[in-house]
Each structure stands twice: as structure tokens, then as C-alpha cells.
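Down below is the structure, laid out as C-alpha cells.
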Amino acid sequence: MSKKQKIVIIDYGVGNVHSVANAISFLGYSKLKISDKEIDINGADTLILPGVGAFDEAMRNLNKRNLHLILGENVLVKKKKILGICVGMQMLASYSEENGIHKGLDWIKGSVKKLEVSSPFSVPHVGWNDILIKKSAPLFDNCINMAHFYFDHSYHFETELSNIAAECDYGIKLTAAVQLENIFGVQFHPEKSQLNGLRMFRSFFNSI
């Protein structure tokens, strides 16, 4: 699809929506909105679910705006592609153990668990990390294997191997990206990952 595709970044009161929007705008996608309005989400070609902070707060804000229902209709029924970023990716899971047990969207079966690593690794996992690409298309068509991306998280998504699009090594193997049909997520921050982040965004949008 051309750069005239309609992209909506979901605004639900948390998340670094403007830095994500700036990165996508830099690539020339002009039909871009930050919105929580049903009319905008229904009219979108592609959806982005960003997120920073705690899982429980993110899900609470999403549910409070009935966005779980609106997004469910668009993603599960209409099969629009969606990309979750950081906590936005974790929200795709069945549940999270952060601050207790909290239900996720349950679009990709799995759980979000606290990072347990040994020295010299520390929690949170902050900084640049290579990724090992398991599925190149469509997220990583423009990226080389072992490319650097920027991470900032204390919890990680455990899911079946068939759902994992990329991993990173941080003392243990961590899920760096997930993919199931039209549903995608990345644990890292593409909007903070300079050229590789832009390449990933371009790969994703070119596939639509």
C-alpha cells in the first residue's frame, strides 16, 4: 500500500504516542492520526498500539475507553494489521504477572513475566541489544540479522515458538517480536532505534 494509507496510533492515556508519530511521519506517511475515537479506528488501514509504564494501568485505561472492544472488532473480525510496541506488545498476551495477575487482550496466547537474569545482566533491561530474526516478513524485510534495537523493560512475553518473530539474548532468550496472522508486536522501541527502527516501520507498512 502507498504512503496514503490511513494509520491510527491508539491514544489511551499512556504511551509515547508523539515520538512514535514523529518517526512514522519522518518516513512520509501523512495520513496519520493519534486518536481513541471509534470513527477514526474504524476508518484506519493500520493500527499502532504503543505503551510505556505498567501493564495493569495500560489495560485499565484501554478498557475504560472501551478500546478493547473497538480494537477487537477491527483486528479480530476485520483483520486489520496492528503493531504493539513495548507494553503495547505485552498487552497482546493472555495475562501479565506485573503487580499481580492482570488479564490482557489474549490475542496471542502467552504470559508476561518478570525478567529473571544473573550478573552481569540487570533489571530493567535498558539499552541496545542485537536481535535474532526468526521470521523476516513482514517486520524485518528491510533489516539485517543481529541488527541493534533499543529496549527498556522489566517484564517479558513468554509465548509459543511459532508466535516469535525475533529474539534477543540478555543472559536468557527474550522475545523481541511476536507475530500471529495480522497481529504483530515488538518489545523494543523502534521510534528510539534510529535507522533500524525506521527500517522496521517501513517493512511493516510496505506489507499492508
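In the range 156-171, which residues are over 15 Å from VAL112 (Cβ atoms) and open to solvent by 10 Å² or more (accessible area, probe 1.4 Å)? Quick ask: steps written out before the conclusion?
If we filter the range 156-171 for residues that are over 15 Å from VAL112 (Cβ atoms), which is where we start, we get 161-162, 165-171.
Those that are over 15 Å from VAL112 (Cβ atoms) and open to solvent by 10 Å² or more (accessible area, probe 1.4 Å): LEU161, SER162, GLU167, ASP169, TYR170, GLY171.
List the strands (runs of 3 or more DSSP E) inside the range 3-119, counting only whole elements, that have at least 2 residues being open to solvent by less than 20 Å² (accessible area, probe 1.4 Å).
Working: elements: 7-10, 32-35, 46-49, 81-85, 110-114.
Hits in the range 3-119: 7-10, 46-49, 81-85, 110-114.
Taking the stated definitions as given, is GLY110 among the small types (Gly, Ala, Ser) and touching a residue at least 40 places away in the same chain (Cβ under 8 Å)?
Numbers: among the small types (Gly, Ala, Ser): yes; touching a residue at least 40 places away in the same chain (Cβ under 8 Å): yes.
In short, yes.
Could you list all residues from the range 120-155 that are buried (at least 17 other Cβ atoms within 10 Å of the Cβ) and within 19 Å of PRO50 (Cα to Cα)?
HIS125, PRO138, LEU139, PHE140, PHE149, TYR150, PHE151, HIS153, TYR155
The values are calculated or read from the model by the stated rules, or taken from the named source; none is laboratory data. Keep in mind that this is a model prediction, so the values were computed, not measured. Note: ideal-geometry Cβ built from the backbone for every residue, glycine included; neighbour counts use all protein chains shown. Keep in mind that these areas ignore ligands, DNA and RNA; they rest on the heavy atoms of the full protein, side chains included. Shrake-Rupley method; radii C 1.70, N 1.55, O 1.52, S 1.80 Å.
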